[in-house]
Amino acid sequence: MSIDLEEPTATASEAPTTLVVTKKPFKMPRLGWIFGTIWLVTLSFCALFAGQLPFIREYSAKVKVNGRAKSYGWGPGWNAWFGTDKSSFDVFARCIYGARVTLLVGVGATALGLFLGGILGILGGYYRGRIDRVTSIFVDCLLALPPLLLALLLIYRLDDLEIQIWFWKVTRPWEITITLGILAIAPLARIVRAQTISLREREFVLAARSLGAKNGRIIFREVLPNVVPTMLTVAFTGLGILIAAEGALAFLGLGVESPQTWGKMINAGRDDLAKAWWATLFPCLFLLLSVVSFNLIGDQMARRFDIREAAI
Amino acid sequence: MSDLIQASARDLSGPLIELTDVKTHFKTARGLVRAVDGVSFTLERGKSLGIVGESGSGKTVLSRSIMGLLPPKAAVRHGSIKFEGREILGLSRSQMRGIWGSEMAMIFQDPMTSLNPVMKIGRQIAEPLRIHLNMARSDAWATAERLLTDVRIPEAARRLNQYPHELSGGMRQRVMIAIALACGPTVLFADEPTTALDVTVQAQILDLLGEQRRDRNMSLILVTHDLGVVAGHTDEIAVMYGGKLVEKAPTRSLFANMKMPYTEALLQSIPKLTDPSHTRLSVINGRPPDLVNPPVGCRFAARCLYTQQRCREEEPPLVVTPEDPEHSYACWYPVGSPAYFEAKARIPSNSTVEVL
C-alpha cells in the first residue's frame, strides 16, 4: 500500500510536471432550507394578516355561482384560486386561516415539550444516579405508550375534566397543544440527557467546578447554552411531526371546533374526492409543504451545529 | 461566613499542604485500581513543587485528590490531607466550594477544551470574582481586564468581548491562568499546562506561571511528565512511579545527585542537543506496572537496569540521603552506591537498544 502511494510522487518530482487542473465536483447548493424558510415565513405572514390582505377572502365569505351558493361551485381558477368546498367556502382562504391554528398548536406543543423535556433531560443527565433513573423511567413510559392512543385518551379525559384556571379555560386547541406537548417530551428529553452527559464530563465544566461554581450555575451557565443548538434542531424536526400529528387528530374528528384546520378540511373533502379533488388536495399540499419545510430547516441546523443524525 | 471559619482555623506558621499516606483507589470492573498508593509530602507556603512521572503514574490523580475534584462515588480515599493545618480529605463538595477558586485553583492540560465555548472570555473571568468576592459587575470587568494584562495578553479590553475560538492555544492557556488567578488562590495546581502547546509557547507559559507565583507569593504544584519543564521552574521535585513517590528533593539537589534509577532513566530519555544526530534515544523498556495487581517489591524492578534479587522481594522504603535531609528516595541500590556500579558493570552499554 505504502509503495503504491510513493511511486507517483517519486515520478512527479523527477519529471517537469505539467499543470493539472483539478476539476471541483459540482456541488448542489442546499436550497431546501431556503425554500423551507421562505415557505414558512410567507405562510405565517399570510396567516397572521389574513384579515388585512386583499387577496384573501374573508373566512366566512361564500363564493357564489351566479348569485347562488353552490356545493363545489368553482374549481381552481381565477374566481377562487383553489376552488370552493362543499359549503361553497373559498379553499385558499380556509387553507390560510387553517395555518393559524396548525402553526400555533405546533409551536405551542414544541415549546411545552422543549421546556418539560429540557428540564427532565438536563436534571437526569447532570445529576445521574437516582434522579436519572426516575426521569429515564418516566421518559421510557412515554415512549412505550402508542402515541395516537395516548393522545386520544388524553384529549377525551381533558374534555371531561373541563379545567378552568383563573379565566383561562382549557379549550380544544389548548387540549391538543398540551397533548402534543406531552408527546414531544420523550424525544427531547432523551437527546438533551445524552448531550448533558457528554458535556458534564468536559474539561470546562471541571474547570468551573474547580473555581467553586455551584451545580445550578454550572447547569445554567456551562451546560444549558451548549445544549440549546441541539434542542432547537430537534425541536424543528419535531415541529413537522407535531403538525402532521395535529392533522391526524383532526382527521380522526378530534380537531379544533371553530376555525378550520387542514386536517379537518382533508377529512371533510375526502368523500367527494372524485367530484372535487381540489377541496382535499390543497390542504394536503399545505400540510406536506409545511412538514417538509420544518424538516429541511431542522436538517440544515443539524449540519450547521454538527449534530449526529443517529442521535436524533 | 465560610471565610470567617477559614480565617479562624488558619495556621499560617505550619506548612501549607501536608499529605500523610494519601491513597486514592478506584473501584473498577477489573478490581481496585491503586492510582495513588501512599504518598506523603509537605509543601511550604510560596514554594513550587513539580510532580514528575510518566503516563499512569498517578500524578494527575494525586493533584485532583488534593483538590478533591474526583468523582465521589468511584474513588476510595485514605490518609490525611491538611491544608493550612485543616483536614480537607473528608470534606463534602459544598464545604470544598469555599476553598475552590479562592484558596486552591487549577489549570488544565488542554486549553482548547477547558474554556466554555459559548461564553465570552470576560464573563468567564468575571464570574468567579462575582461569586467569591461579591464584586459588582463593572468592578469584576475592570479586574478581569487587569488580570488579562497581568498574563501578558495584548489588547485586554478587546479580548474580554471575544469567544474562546477567536484566540490561539497559548492565548487560551493564558486566559485559563487568568481565571485561576482571579480570586488570588494560595496554591495553584497546573496539570500539564503546556502539553498541548508548542515549545516556544511552553516556555512563555512556564515563565508566566513562575512570575505570577513570585508576585503573588503563591504556591505552585506543577504536574508534568517532562523533567525538563520542571527543572528551571520549581523549588522541589517529586518523582512518582506506579502511584508512589520514589524520589523527592530540592531541584538542585535532585539533578546534582539523583538516587533513583527511574529518575536517572527519565532524565536520560530527554534528547540532548550535544548528541550527534541519529543517536538512538535511550528509552525505558517495558510498561508501567498494573495498578490493580502491583508487583511485590520495588514497582520499578521489572524495568530497572540494575535490578537485584532483593528489589523483586522487598519494597524499598523512602529514606533520606546522608548529604541532604530534604532529599529522600526509595531504592535498595541507589545511583552511586557500590551495588549500583557493580550492576552497571555487568550490563553491556547498549542494552537499552537491544531489548527493544
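Computed from point charges on the beta carbon alone (+1 for Lys and Arg, -1 for Asp and Glu), the dipole magnitude for segment B:221-319 about its Cα centre is near 180 Debye. As a length-normalised measure over Cα pairs under 8 Å and 6 or more apart, the relative contact order of segment A:156-312 settles at 23 percent. By accessible area, using a 1.4 Å probe on protein heavy atoms only, the protein assembly as shown has 60% of its surface on carbon and sulfur. Taking label positions 7 Å along the Cα-Cβ direction at both A:Val170 and B:Asn293, the computed distance is 6.3 nm, reported to one decimal. The Cα atoms of the protein assembly as shown give a gyration tensor whose axes a ≥ b ≥ c have a/c of 1.5 or more with a/b greater than b/c, which makes the shape prolate. Could you please report the charge total around A:Phe282, scoring K, R as +1 and D, E as -1 over all other residues with beta-carbon less than 11 angstrom from its beta-carbon? Every neighbour counted, the sum reads -1.
Its DSSP H runs of at least 4 residues, each contributing -39,500 (n - 2.57), put the calculated 222 nm mean residue ellipticity of the protein assembly as shown at -15000 deg cm²/dmol, to the nearest 500. Of the GluC sites (Glu not before Pro) found in segment B:215-321, those that fall in a DSSP loop while having at most 16 other beta-carbon atoms within 10 Å are B:Glu314.
Within 10 Å of each Cβ of B:102-110, how many other protein chain Cβ atoms are there on average?
Mean shielding by partner chains, rounded to a whole number: 3.
Semi-axis lengths, largest first, of the ellipsoid equivalent to segment B:202-305 are 27, 20, 12 Å, with √(5λ) applied to each eigenvalue of the Cα gyration tensor. For B:Asn217 and B:Glu326, the FRET efficiency from 1/(1 + (r/R0)^6), where r spans their Cβ atoms and R0 equals 22 Å, is about 0.60. Note on B:Leu281 and A:Val41: the model spin-label points, each 7 Å out from Cα along the C-beta direction, lie 5.6 nm apart.
The relative contact order of chain B comes to 18 percent, based on Cα pairs under 8 Å that sit 6 or more residues apart. Restricting attention to segment A:85-311, lysine pairs at least eight places apart or on different chains and with alpha-carbon atoms under 25 angstrom apart total 4.
For B:Arg159, A:Arg133, give me the order by solvent-accessible area with a 1.4 Å probe, most accessible first, ignoring ligands, DNA and RNA.
A:Arg133, B:Arg159
Both radii come from the Cα set of chain B: Rg as radius of gyration, Rh as Kirkwood radius; their ratio Rg/Rh reads 0.99. Estimated at the nearest 10 Å², the accessible area of B:Arg64 is 50 Å² with a 1.4 Å probe. Going by accessible surface with a 1.4 Å probe and the largest first, A:Ile197, A:Ile131 read A:Ile131, A:Ile197.
In this structure A:Leu296 has an accessible area near 50 Å², from a 1.4 Å probe over the protein heavy atoms.
Placing a label point 7 Å from the Cα of B:Phe255 along the Cα-to-Cβ direction, the residues of segment B:190-205 with a backbone N closer than 20 Å are B:192-195, B:199-205.
Each of B:Leu273, A:Val228, A:Phe138 was placed along the dipole of the protein assembly as shown (beta-carbon charges, centred on the mean Cα), and the one lying farthest toward the positive end is A:Phe138.
A:Val292 contributes an accessible area of around 60 Å² to the protein surface, as traced by a 1.4 Å probe with all chains present. Length gained on full extension, B:Arg93 to B:Glu155: 18.6 nm, using 0.36 nm per residue less the C-alpha separation. Accessible area ranking (1.4 Å probe, heavy atoms, ligands and nucleic acids excluded), largest first, for A:Asp271, B:Asp235, B:Asp37: A:Asp271, B:Asp235, B:Asp37. Accessible surface for segment A:149-239, divided over its residues, is 47 Å² per residue with a 1.4 Å probe.
Per-residue mean of foreign Cβ neighbours for A:199-208 is 6 (Cβ atoms of other chains, 10 Å radius). Here the alpha carbons of segment A:85-311 define both size measures, Rg and Dmax, at 20.3, 73 Å.
For segment B:1-126, with equal point scatterers placed on the C-alpha atoms only and solvent neglected, what are the log10 I(q)/I(0) values from the Debye formula at q = 0.10 1/Å, to two decimals? Each listed q corresponds, in turn, to -0.38.
If you plug the beta carbon distance of A:Glu201 and B:Lys272 into 1/(1 + (r/R0)^6) with R0 = 45 Å, you get a FRET efficiency near 0.70.
The values are calculated or read from the model by the stated rules, or taken from the named source; none is laboratory data. Note that this is a predicted model, so its numbers are computed, not measured. Please note: Cβ atoms are built from the backbone with ideal geometry, for glycine as well, and neighbour counts cover all protein chains shown. Remember, those area values only see protein heavy atoms, side chains included, never the ligands or the DNA or RNA. Shrake-Rupley method; radii C 1.70, N 1.55, O 1.52, S 1.80 Å.
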